[in-house]
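Worksheet: one structure, shown below.
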Amino acid sequence: MKSVRERLAAARGGRIPRWRASVILALRMMLHDKAKFVGTTLGVVFAVVLGAQQIGVLMGLLAKNTMLVDNAGADLWIVPPNTEQAQAGQRMSTQLLDQARATPGVAVASPLVMVGTAVKQPGGGTEAITLIGFDLDTGLGGPWNVVAGDPADLRHAGALFFEDAQRDRFGGLNLGSVREVGGLQVWVAGFTWGLQPFGPAYTFGEIDLVRDLTGVASDQLSFVLVTLEPGADPAAVAAELRRRTPGAEVISQAAFHDRIVGSLLREQLGITFGTTTAFALLIGFIIVALSMFSAVIDNLREFGTLKAIGMTNLDLTRMLIVQSVAYALLGSLVGLGLVAFMADGIRSANLAVIVPAPLIVATPAVMTLLCVLASVLALRRVRKLEPGMVFR
Amino acid sequence: MTAAAERALQPAGPLAVDARGVSKVFGAGALAYQALRGVDFQVAEGELVMLVGPSGSGKTTLLSILGCVLSATDGQVSLFGEPLHGVTDGRLAELRRALIGFVFQGHNLIASASALDNVRLMFELRGVSGRRARRGAEELLERVGLADRRWHLPGELSGGQRQRVAIARALAGTPPLVLADEPTAALDAHAGHQVTQLLVELSRERGVTVVIVTHDNRIFDLADRIVRIEDGQIVPSPTLSPSPTQGHAP
Ligand SMILES: Nc1ncnc2c1ncn2[C@@H]1O[C@H](COP(=O)(O)OP(=O)(O)OP(=O)(O)O)[C@@H](O)[C@H]1O
Ligand SMILES: [Mg+2]
């Protein structure tokens with residue numbers, strides 16, 4: 001027979017079997033009460049679906065407002081001071097174009113005119129549009145996501161690209177349909193898909209046509225889009241542009257994107273979505289906390305037995321953490337699967353639910369943290385448990 | 001004092017259990033209740049002692065203290081020379097894991113684990129892993145006559161079968177000490193007798209020291225020694241001693 005000292009050493013040293021035993025036991029106990037297992041998992045799934053879906057919709061809404069900046073092809077934007085959105089607004093002088101073109105490191109400086117106006121309908125009445133006039137030679141700020149027509153056709157007199165999703169609203173638009181904008185006749189040369197910001201849908205045309213349609217003077221523009229020469233230092237070029245154009249603001253594409261996102265989040269959008277997401281996480285937290293606590297209460301005798309036969313508080317803590325992590329990962333997997341499925345169903349020209357890669361990584365991490373925190377209640381109960389209870 | 005009474009109080013050889021002057025007070029102030037009053041209790045290695053006494057006399061309390069799941073208010077206890085006082089909870093868990101096999105009144109098996117896994121768990125807690133744990137568990141289940149039931153959950157076994165699994169679990173890895181508190185209380189007389197016999201038989205085979213609390217006078221003849229406790233104190237009880245012809249020397 002082994003000596004007492006050998007036994008104590010084996011019991012102290014046997015960490016790996018004890019780890020293995022406690023991990024397997026944790027999963028077993030978790031799966032044993034099927035109703036509770038399904039309920040808890042659904043709690044996590046619910047939190048993931050609601051939270052990730054909210055974030056996905058938020059991302060989609062943000063993208064609606066940054067897509068012009070993201071797709072215009074400019075490295076730097078020259079915008080009116082304090083511009084927070086890429087929207088029709090204050091106009092600036094075309095002198096900025098010359099100043100920009102004369103700046104070392106600038107490859108192209110291209111004008112953009114952006115004006116809110118309306119299309120007269122065949123049956124009477126009007127529909128609002130956001131008219132974007134761009135320089136056809138540089139192509140900067142021109143249409144993207146083109147689903148019909150060739151942007152080169154915009155060279156023809158009166159040619160505009162409309163948003164595909166608006167065809168019905170504009171009285172059944174087709175390629176070649178003729179409409180009236182600003183008292184002049186225009187015709188449909190092509191369609192884009194999904195280019196709808198918070199305001200009226202983008203409609204593209206050659207810059208001089210847009211000026212004629214909207215009465216914007218030929219020495220005025222909304223934005224200057226700048227691309228850099230290869231190898232030019234963006235920060236240095238931006239600084240030099242700033243020096244040369246004191247009345248305007250020079251901002252990099254990325255910074256403009258961030259500024260739009262920031263201003264939207266600071267306003268209602270951030271609060272609305274932040275609240276729903278926090279609510280989703282709170283509900284998930286409560287469901288997991290309550291069901292883990294009640295699982296411990298249901299199995300109090302078993303936990304007491306495990307303590308009596310020699311498991312430590314550390315072993316039992318590990319068991320609850322294993323369960324938390326398992327719930328978090330399983331719930332995240334199912335939840336994200338559902339969100340991806342839903343995102344596909346929701347996707348339209350009006351709204352894309354965007355589930356970005358960081359969200360896919362962050363969800364299991366956040367849910368793990370949440371579930372582990374939620375197990376604290378159960379943990380405290382288990383740690384307090386007297387092993388002597390098993391004799392009662 | 002008669003010779004039998006003398007024998008009832010004094011074990012021979014090296015001590016598995018050595019409890020001296022053990023007192024236990026539950027609660028405090030006006031509600032304080034003294035469950036044990038200066039108990040001296042020694043068990044020699046390999047000995048099988050039955051602890052008897054009226055309900056509320058302190059049997060379970062004493063067994064809990066010996067089992068390192070309850071601390072004494074006063075007095076000194078050591079198991080195989082390892083003191084129990086002034087040590088951490090972690091150390092107590094380690095002592096339980098390493099030295100003690102428990103058989104409780106209820107079977108106290110893990111409901112979500114099969115008979116085999118319940119026994120294997122105890123091996124793993126004692127630092128035995130993998131195939132050795134699995135084989136050990138299978139052998140023990142075979143020994144208690146449940147080889148064909150090893151994949152059954154406790155809920156799918158009869159009371160007697162569950163208690164036999166509990167015995168296999170207690171003996172997993174052959175701890176030097178087994179403590180059993182009325183292991184047959186939940187069973188009918190026949191099944192209870194069988195279960196106790198099995199526990200005694202397996203323990204004897206392995207040279208394990210056993211302390212059993214029991215009310216069942218039909219199994220007294222299996223004991224080396226019977227110790228009676230009344231009102232928190234050990235009392236001599238020659239009438240309960242096993243007859244010398246049936247007693248087994250360790
Ligand atoms: N946790 C506790 N708190 C207060 N009093 C307790 C506690 N545990 C036991 N007691 C008291 O201590 C005394 C001894 O209890 P114990 O359980 O040791 O008796 P027992 O001999 O095992 O009785 P039984 O044969 O009925 O199981 C009883 O009077 C009981 O009420
Ligand atoms: Mg009792």
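When the criteria are applied in full, B:LEU171 meets the requirement of being crowded, with 20+ Cβ neighbours inside 10 Å, within 13 Å of chain A (Cβ to nearest Cβ), touching a residue at least 12 places away in the same chain (Cβ under 8 Å) and of a type outside the set (Asp, Glu).
Return the total of residues in segment B:49-65 being hydrophobic (A, V, I, L, M, F, W, C) and buried (at least 24 other Cβ atoms within 10 Å of the Cβ).
Step one: of segment B:49-65, the residues hydrophobic (A, V, I, L, M, F, W, C) are B:49-52, B:62-63, B:65.
Narrowing further to those that are buried (at least 24 other Cβ atoms within 10 Å of the Cβ): B:50-51, B:62, B:65.
So the count comes out to 4.
Just one of (1) at pLDDT 90 or above; (2) away from ligand 2 (no atom under 16 Å from the Cβ); (3) small (Gly, Ala, Ser); (4) surrounded by 22 or more Cβ atoms within 10 Å (Cβ to Cβ) fails for B:GLY21. It is (4).
Mind listing whichever residues of segment A:6-36 are of a type in the set (D, E, K, R), more than 7 Å from every other protein chain (Cβ to nearest Cβ) and surrounded by 15 or more Cβ atoms within 10 Å (Cβ to Cβ)?
Residues satisfying the conditions are A:ASP33, A:LYS36.
What number of residues in segment B:174-203 are more than 13 Å from every other protein chain (Cβ to nearest Cβ), touching a residue at least 12 places away in the same chain (Cβ under 8 Å) and assigned to a helix (DSSP H, G or I)? Adding up the residues that qualify gives 12.
Of all the listed residues (B:ALA137, B:ALA30, B:ALA133), the sole one being at pLDDT below 95, more than 16 Å from ligand 1 (Cβ to nearest atom) and in a helix (DSSP H, G or I) is B:ALA133. For segment B:94-118, filtering for residues that are more than 7 Å from chain A (Cβ to nearest Cβ), more than 17 Å from the chain's Cα centre (by Cα) and either within 16 Å of ligand 2 (Cβ to nearest atom) or touching a residue at least 24 places away in the same chain (Cβ under 8 Å) (or both) leaves 4. Taking the criterion of being touching a helix residue (DSSP H, G or I) at 6+ places or on another chain (Cβ under 7 Å) and surrounded by fewer than 20 Cβ atoms within 10 Å (Cβ to Cβ), the residues of segment B:107-137 that qualify are B:ALA111, B:SER129, B:ARG134. Taken over segment B:191-224, the criterion of being closer than 13 Å to B:LEU171 by Cβ and not hydrophobic (A, V, I, L, M, F, W, C) is satisfied by B:GLU201, B:SER203, B:ARG204, B:GLU205, B:ARG206, B:GLY207, B:THR209.
Every residue in segment B:92-106 that is surrounded by fewer than 24 Cβ atoms within 10 Å (Cβ to Cβ) and not hydrophobic (A, V, I, L, M, F, W, C), please. Across segment B:92-106, the qualifying residues are B:GLU94, B:GLN105, B:GLY106. For B:THR184, the requirement of being farther than 19 Å from B:VAL69 by Cβ, surrounded by 19 or more Cβ atoms within 10 Å (Cβ to Cβ) and either of a type outside the set (Lys, Arg) or touching an Asp or Glu at 6+ places or on another chain (Cβ under 7 Å) (or both) is met. Consider segment B:61-76 and keep the residues that are more than 16 Å from ligand 2 (Cβ to nearest atom) and part of a loop (DSSP other than H, G, I, E, B). The one that is farthest from the other protein chains (Cβ to nearest Cβ) is B:THR73.
The values are calculated or read from the model by the stated rules, or taken from the named source; none is laboratory data. This structure is a prediction, so every number in the text was calculated from the model and none was measured. We place every Cβ from the backbone using ideal geometry, glycine too, and count neighbours over all the protein chains shown.
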